[in-house]
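Data first, discussion second: the structure below is written as structure tokens.
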Amino acid sequence: MAEALTGAGILGEGLVLPDPVPAMLPAAVSERLALGPCHFCSELPQARSLSPRAVRRMRRAQRLALAAAERALEAAGEANRPSDEGAVVVGTGLGCLGETAAFLENMVQLEEREPKPAAFIQSVHNAPAAQLAICFGLRGESQTFTHGAISAELALGHALWVLRAGRSRHVLAVGVDEASPYAITAGQEAGCLRREPEPLMPMGEASSGGTLPGEGAAGLLLGPPAPGVPRLAVARARPLPHPDVLRVDPAAEAAFIRDALGLAGISLDRVDLLLLGANGFGASDHACARVVRAVRAEHPGMACGVYKHLCGEFGAAPALGVALAARSVREGSVAGEIRCLHGGEAARPVATGVVYHLHESGYHSVCVVTS
Amino acid sequence: MCRQRVAVTGLGIVSAVGCSPAAVWAAIEREASGLGALSLFPSQRCGHIPVAEVRGEPADRSGLRSGSRTDHLAACAARDAFAQAALEALPEALRRQVGVVLGTTTGGILDSEAFLERLLAQGELAPELLRHHPPASPAEAVAGALDLVGFRATVSTACASGATAIAVACDALAAGEADAVLAGGADSLSRLTVNGFGSLLNVAADGCRPFDAGRTGLSLGEGAAVLALETEQHARERGAPILAWILGCGSSCDAYHATAPRPDGSGAAAAMRAALAVAQLEPQAVDYVNAHGTGTRDNDLAEGLALRAVFGDRVPAVSSTKRFFGHTLAAAGAIEAVVCILALEHQRVPANLGLRQADPEIGIHPVPHTCDAQVRVALSNSLGFGGSNGSIVLARAS
């Protein structure tokens, strides 16, 4: 039998959430694109690590990532400050779309006459990771995963590999995505976005209308496990056996969750909180609900909740789910931001949380946070 | 990064100098550069600058019903690697678990450019053109074309993406996430990159001359390369031909500047040392270094200093092959890994094309012509924007 994975200590976590009320993205092209509403930050978070001048030069995705990282580092405390051998891993579903768009818009409108070098430099998808490394002096590995709905899980999984291999003692892991009119346009084209401005209620009555796009960031400082510190034990993401989410077999999904837990030597009956990535898209929410029924049928004491009503849908959103699971394990109770579907206040203390995603793009993932 | 050696069992490459390992090596022997006129799209500002463009239409042989140019490039290379490794001979359940890890910087940007052109210049909305924009699109295309549902990832670490993808694949194999992985990188030429690099004033008007005293900048290219990687046990159990070994991968970050490398080359040196440490080799074991060598003043100087820091007075045979392929961005690390494998096979070192006089400030002496050499171990460097550095140590199969 393979040795159970120990995982990494979540020394601190930080969240950057968008405004609670969805609104129309104030982009110049929004009207032309007939965009629906989204969750976004009407005011970008302030950064404490940089001067206002330096922050002004940073673009949206970088500012979101930096704020999340700062909050995670502050929560971890000075004693856990990573040395310069620390690594940075970022997961971002679509990367630095805003700067890519800014460069191309300028190029098209001015017919290549006056390209914007700053926008080009900032359009590189690893720009947030680079900025984090520069800000915090981290010269270990710097990796950026850009694989849509599982970008955050891939980044967290890679962070675990880095720590297990002893390549770094600490990894600053961040999931970030920025709201973009073009991403919203693509989502509308794919038919998965709502046009109503009402708040998102994943797996609720209004979930048949599609999801709402969003933005946000979550940072986790990962390091050596320690008593009293939540552990990220597993982060696993895979394509579904069949890309059609309606063909998901609840028993097979339960086995997928069970197998991931088994890597950490944890059985399903020890899971106190099942945090879902349900996002209001009818097909995936319906499939997710079937999985939850299958799991809770055998484990009715498990609390179950959702979180995407806080941030909308974006590729790196699972990082926020993991941060909320970490907060729940750290506090011993379901974090107040989570919307409970089952259990909640009446649930038993939270010592192990599972963040489970079943995404309409054809992926599923499991992240395990335990005490 | 990877602790046990990884077997390379298949290669696929699409480039301006050829779309097979044999064609690429023939071009290296002829010392024939792939640089030429840009014909893929009109560019008022940059159309006169030589680029390395893939000739022919990748969509004709990718097997994809639809996709961006980058998707087609990636699928062509992946199909060839998959076929050479004979992975289709695996039982279906195992075959479908083959993983895909690709690097890309701009993904389907050509289609996205067309979307914006139609929207802003003509007022037409064509959102279907954004379908292949996401960076994950090439990996999705490869997985879809080959019906693979195993471990899958896309990395984007600028010009180090191809090397990073190979390293992540090695990690996945070591962690038991897969027994075989298709790993590599792909990027197409685009108006974004042609104008973007042009705006930085670091593109050579007469083609790149890596490490040359008179170098003036880089030359852009496009292409894809994919390696079929397997655990040694998996490769041996199914009797797969082993073309080369990956002994170690190393990564570091300069943490210095958004684009410029750390001037003392310490970041690149750290990546090389990390790769050698995983490979459990001393620097003097390396017979050939395929340098990142873009031809820019800063990169070449920093990398030269890094090589001298790692190898001291005994820098092995070095060459940059960027004047053959152009700088293919995310594909570069993977293309250059293929070049290293071909050097190991042929026991010859590729020329550092474009070299007239080695820059004395850099202090290394790249190989001016393709020549015989005893090549048992090769090291490939990829150094990207944002200070992402990747190095791979490869060894001869026999």
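Within 10 Å of each Cβ in A:135-141, how many Cβ atoms from other chains are there, averaged over the peptide?
5
Taking the dipole about the Cα centre of the range B:6-237, with the C-beta of Lys and Arg at +1 and of Asp and Glu at -1, give me whichever of B:213, B:76, B:104 is farthest to the positive side.
After comparing all options, I get B:213.
With runs of 4+ DSSP H residues as the only contributors, calculate the mean residue ellipticity of chain A at 222 nm using -39,500 (n - 2.57) per run, divided by the residue total and rounded to the nearest 500.
-10500 deg cm²/dmol
Given a cut-off of under 8 Å on Cα pairs at least six residues apart, what relative contact order in percent is computed for chain B?
With pairs under 8 Å counted, the relative contact order is 24 percent.
Would you mind computing, in nm to one decimal, how far apart the modelled labels at residue A:110 and residue B:124 are, each placed 7 Å from Cα along Cα→Cβ?
Each label point lies 7 Å from its Cα, and together they span 2.7 nm.
Given a Förster distance of 25 Å, report the FRET efficiency between residue A:270 and residue A:169 from their Cβ-Cβ distance, rounded to the nearest 0.05.
In this case the efficiency is close to 0.30.
Find how many whole Å separate the alpha carbon centroid of the range B:35-83 from the alpha carbon centroid of the range A:174-252.
First find each Cα centre; the distance between them is then 33 Å.
Which whole-number percentage describes the relative contact order of the range B:8-165, with Cα contacts under 8 Å and a sequence gap of 6 or more?
Relative CO of the range B:8-165 lands at 24 percent.
Just how far, in whole angstrom, is the range B:133-208 from the range A:265-300 if you go by their alpha carbon centroids?
34
Measure off 7 Å from each Cα along the Cα-to-Cβ vector at residue B:29 and residue A:247, then give the distance between these two points in nanometres to one decimal.
Using points 7 Å along Cα→Cβ, the separation is 4.7 nm.
Calculate for chain B the 222 nm mean residue ellipticity that helices alone would give, adding -39,500 (n - 2.57) per DSSP H run of length 4 or more and normalising by residue count, nearest 500 deg cm²/dmol.
Estimated from H runs of four or more residues: -9500 deg cm²/dmol.
Mind checking which helices in chain B clear 20 Å along their axis (Cα) and have mean Kyte-Doolittle hydropathy of -1.0 or more, DSSP H runs only?
Long hydrophobic helices here: B:69-84, B:297-311, B:332-346.
For the range A:12-21, just list the computed ³J(HN,Hα) in residue order, Karplus coefficients 6.51, -1.76 and 1.60, θ = phi - 60°, integers in Hz, with x standing in for Gly and Pro.
For the range A:12-21, the Karplus curve yields x, 9, x, 10, 10, 9, x, 4, x, 9 Hz.
Between residue A:297 and residue B:369, what FRET efficiency follows from the Cβ-Cβ distance if R0 is 51 Å, with the result rounded to 0.05?
0.10
How big is the dipole moment of the range B:6-237 about its Cα centre under a simple scheme where the beta carbon of each Lys and Arg is +1, that of each Asp and Glu is -1, and everything else is neutral? Debye, nearest 20, please.
400
Hey, got a sec? Which trypsin sites (Lys or Arg not before Pro) in the range A:141-233 land in a DSSP loop and have at most 14 other Cβ atoms within 10 Å?
Answer in residue order: A:195.
Where both residues lie in the range B:6-237, what percent of DSSP beta bridges are antiparallel, nearest 5?
The antiparallel proportion sits near 60 percent.
When the dipole is taken about the Cα centre of chain B, and only Lys, Arg (+1) and Asp, Glu (-1) are charged at their Cβ, what size is it in debye, to the nearest 20?
Roughly 260 debye for chain B.
Project the alpha carbons of the range B:6-237 onto their principal axes and report the range along each, largest first, in whole Å.
Here the Cα extents, ordered largest to smallest, are 55, 48, 29 Å.
Taking the range B:38-84, which trypsin sites (Lys or Arg not before Pro) meet the DSSP loop condition and have no more than 10 other C-beta atoms within 10 Å?
Here the trypsin sites (Lys or Arg not before Pro) that fit, given the DSSP loop and packing criteria, are B:65.
Using r as the Cβ-Cβ distance of residue B:232 and residue A:4, and R0 as 30 Å, what FRET efficiency do you calculate, to the nearest 0.05?
According to the calculation, E is roughly 0.75.
Within 10 Å of each Cβ of B:322-329, how many other protein chain Cβ atoms are there on average?
Rounded to a whole number, the mean comes out at 0.
Describe numerically, in nm with one decimal, the distance between label points set 7 Å from Cα along Cα→Cβ at residue A:342 and at residue A:24.
Taking the simple label geometry, residue A:342 and residue A:24 are separated by 4.1 nm.
Post the alpha-carbon centroid distance, the range B:342-379 to the range A:103-164, in whole angstrom.
32
What per residue convex hull volume, in Å³, do the alpha-carbon atoms of the range B:56-175 yield?
Enclosed volume per residue, from the Cα hull, is 119 Å³.
Relative contact order of the range A:1-153, please, whole-number percent, based on alpha carbon pairs below 8 angstrom and at least 6 residues apart.
25
Compute the whole-percent fraction of alpha carbon pairs in the protein assembly as shown spaced more than 37 Å apart.
Tail of P(r) above 37 Å: 35 percent of Cα pairs.
Treating only the Cβ atoms of Lys and Arg (+1) and Asp and Glu (-1) as charged, compute the dipole magnitude of the protein assembly as shown about its Cα centre; round to the nearest 20 debye.
860
Quick note: the coordinates plus some simple rules give every number you see, no bench work behind them. These numbers were taken from a predicted model, which means no experiment stands behind them. Backbone-built Cβ (ideal geometry, glycine too); neighbour counts: all protein chains shown.
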